[in-house]
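Beneath this line is the structure, given in structure tokens, with notes to follow.
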Amino acid sequence: MANITTVVGASGQTFAVTVNGGQTQLLAQQYQTALSTLHTSGGLESYDLVAGSNSATGSNPGHGLISQGGDYSVSGGTTQYISVGSYSESGQDTLNSAVSLDVSGSTASSISVLAGDYAGVTFKAGNQNGTFVGGVGNNTFNGAGSSGNWTVATGDGNDTITGTSGNNTISGGVGNNSIVLGSGTNVVRSEGQDTIDGLTGTDTVTLLGGSSVVTLGSNATVYDTTSHNTVSGGNNSFITGGSSSTYFSTGAMSTVSGGLNDTISASADLWQVRGTSNSITASGSLTFLNGTGATTVSAGTSTLFGASGLDLLLVGGSASSTNLFVGGDGNETVSAASSNGTLHAFAGKGNETIIGGSSADTLVGGSGSATLTGGSGAANLFALTKGAAGGDYTITDFGSAAGNLMALYQYGLQNNNGLANVLSSATVAGGNTTIALSDSSKITFVGVSDLNASNFTLS
């Protein structure tokens, strides 16, 4: 929604500037307050700028006004405020003719610009610090080759913003904006469907509009609060995930926190924290913390800490890949049936289903119930440790390979015919054998009716 900001023009006339968008309105109010304070104290000189060159003189800050289209340039150090709009007794801004404004020749240490032109304003910054508010129309802020620190806010048009090499704070409105960041420390608030590029600075971007494309360099931070964004970050980048977005890490290490139904790819190492139903690929090492939902992982190596509701599918990798899974409190499913690597899985406190792959896997029961499947590997190790076990366990394919072993740790079964006593007390029903241990653990070996001591390793 457009708002009218009025300021005092030349000879005390009312000058109206149209702005729209939350950030433009806030900055317009600050601009209006600053001018009003200076005018009331008698410390402001207001005058009309003319197309062409302008160089005002005076001891007080100058306020230049543009009410007609054309090309304007400002030099000298007096003009510190510039308003682009219309003189209007009714308070309406009618300017609809393109304005080009160049302040690169200004020697003022700071310049503030409030522009409301339905035909748009093209602005060229200098090495001073400043504020540019482009209220309506399609605006262009050009800070290329300039070193000042600038605050830039645009409205609902399709704006083009090129930052300076200084530190910039940029707020793009809800249009389709193009934002190019310089080498400084930059903060961007993106409300539209924007294209944002910044490979040389230290950038923080908040995405509020969705369907934006963001390409950043090292040490970037992105807060994706919406969906269907595409974000690329360099080394040590940090992304707070949105929904159904795509993230690329091009550096040695990066972190993605949260996210729902996102696709995440890393050319090297990656941390993924508390995501839900994401698809994750890391060429290097993946650390996965407290994720949940239907999640797919492919990594060179991975360390995976689950959470309740996790349905994890490990895919791809190489024969040298190693995946370490540690279960959480709730019910979880982990399958390495489509993985080429080795799985070392430690079930948690909930009801766990763990399925190994083509390598020799290690599957360890936790304190909850677990269904364990070794997979197609020829020598899988199934294990329980007294003190950490105590549930009901089902091993679905123990007899599928002669090299499969059941490890029982800390039970003392290597002494006093302990294992022999357990086996002699086993029950066989329907071709399945169940043994009971001293900590109330029960293990059912599906399809196995002839368990013997050679099937076990003890310590």
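Could you state the per residue volume, in Å³, of the convex hull enclosing the Cα atoms of the stretch 190-255?
Cα convex hull per residue, to the nearest whole number: 57 Å³.
Mind giving me the nanometre distance, one decimal, between the label points for Asn432 and Ser454, set 7 Å out from Cα along Cα→Cβ?
About 2.6 nm, to one decimal.
What share of Cα pairs, in percent, lie more than 21 angstrom apart in the stretch 1-121?
32
I want to check the label-to-label distance for Asn351 and Ser104. Put each point 7 Å from Cα in the C-beta direction and report it in nm to one decimal.
Going from the Asn351 label point to the Ser104 one covers 7.0 nm.
Using amide H atoms built 1.01 Å from N in the peptide plane, name the residues 5+ places from Ser171, or on other chains, whose amide H lies under 5 Å from its own.
Val152, Ala153, Thr154, Arg189
What FRET efficiency comes out for Gln410 versus Glu89 if R0 is 60 angstrom and r is the Cβ-Cβ distance? Round to the nearest 0.05.
The formula returns an efficiency of 0.10 here.
How high is the relative contact order of the chain, in percent, counting Cα pairs under 8 Å that sit 6 or more residues apart?
Relative contact order, the chain: 5 percent.
Give me the one-decimal nm value for the distance between modelled label points at Thr246 and Ala51, 7 Å along each residue's Cα-to-Cβ direction.
Roughly 4.6 nm, to one decimal.
Could you tally the net charge around Val84, taking each other residue with its Cβ under 12 Å from the Cβ of Val84, Lys/Arg +1 and Asp/Glu -1?
That sum, taken over residues with Cβ under 12 Å, equals -3.
Using the Karplus curve 6.51 cos²θ - 1.76 cosθ + 1.60 with θ = phi - 60°, what ³J(HN,Hα) values do you get for each residue of the stretch 426-442, in whole Hz, with x for Gly and Pro?
Per residue, the Karplus-derived 3J(HN,Hα) values read 5, 10, 10, 8, x, x, 10, 10, 10, 10, 10, 10, 5, 9, 6, 5, 10 Hz.
Dipole size in debye (nearest 20) for the stretch 1-158 around its Cα centre, Lys and Arg Cβ +1, Asp and Glu Cβ -1?
260
What do you get for the angle between helix 22-40 and the principal long axis of the chain? Use alpha-carbon atoms, 0 to 90 degrees, nearest ten.
For helix 22-40, the angle is close to 40 degrees.
List, in order, the whole-Hz ³J(HN,Hα) value for each residue of the stretch 366-383 obtained from phi through the Karplus relation with A = 6.51, B = -1.76, C = 1.60 and θ = phi - 60°; use x for Gly and Pro.
x, 7, x, 7, 8, 10, 10, 10, x, x, 7, x, 7, 9, 8, 10, 9, 8
Just for the chain, what percent of DSSP beta bridges are antiparallel, to the closest 5?
Antiparallel bridges: around 10 percent, rounded to the nearest 5.
For a quick check: with amide H placed at 1.01 Å from N, whose amide H comes under 5 Å from Tyr87's, ignoring anything fewer than 5 positions away on the same chain?
Result for Tyr87 returns Ala16.
Which net charge results when you count Lys and Arg as +1 and Asp and Glu as -1 among the other residues whose beta-carbon is under 13 Å from that of Val256?
Here the charged neighbours net out to -2.
Taking 8 Å as the Cα distance limit and 6 or more residues as the minimum spacing, I'd like the relative contact order of the stretch 155-252 as a percentage.
The value is 18 percent.
Pull up all non-local amide H partners of Ser147: gap of 5 or more, or a different chain, and H-to-H distance under 5 Å with H placed in the peptide plane.
Asn127, Ser165
Could you do me a favour and compute the accessible area per residue for the chain, 1.4 Å probe, result in Å²?
Per-residue accessible area for the chain comes out at 38 Å².
Less than 16 Å apart at the alpha-carbon level, and either on another chain or at least 8 residues along: which lysines does that give for Lys349?
Lys386, Lys442
Taking all pairs of different Cα atoms in the chain, averaging 1/r and flipping that mean, what Kirkwood radius in angstroms comes out?
26.0
If I stretch the segment between Leu289 and Ala402 completely, what's the gain in nm (0.36 nm per residue apart, minus their alpha carbon distance), one decimal?
37.2 nm
Tell me, in nm to one decimal, what length is gained between Thr33 and Asp71 on full extension, where the rule is 0.36 nm per residue of separation less the Cα-Cα distance?
Roughly 10.9 nm would be gained on extension.
Tally Lys/Arg at +1 and Asp/Glu at -1 over every other residue whose Cβ is under 10 Å from the Cβ of Ser277; what's the total?
Net of charged neighbours comes to -2.
Give me the accessible area of Leu208, 1.4 Å probe, in Å² rounded to the nearest 10.
Looks like 70 Å² after rounding.
Using the per-residue mean of other Cβ atoms lying within 10 Å as a proxy for protection, in what order, highest first, do the peptides 163-174, 196-207, 25-36 fall?
163-174, 196-207, 25-36
The values are calculated or read from the model by the stated rules, or taken from the named source; none is laboratory data. Keep in mind that what you see is a predicted model, and the values were worked out from it rather than measured. Counting neighbours? That spans all protein chains shown, and the Cβs are built from the backbone with ideal geometry, glycine included. Accessible surface areas use protein heavy atoms only, side chains included; no ligands, DNA or RNA. Shrake-Rupley method; radii C 1.70, N 1.55, O 1.52, S 1.80 Å.
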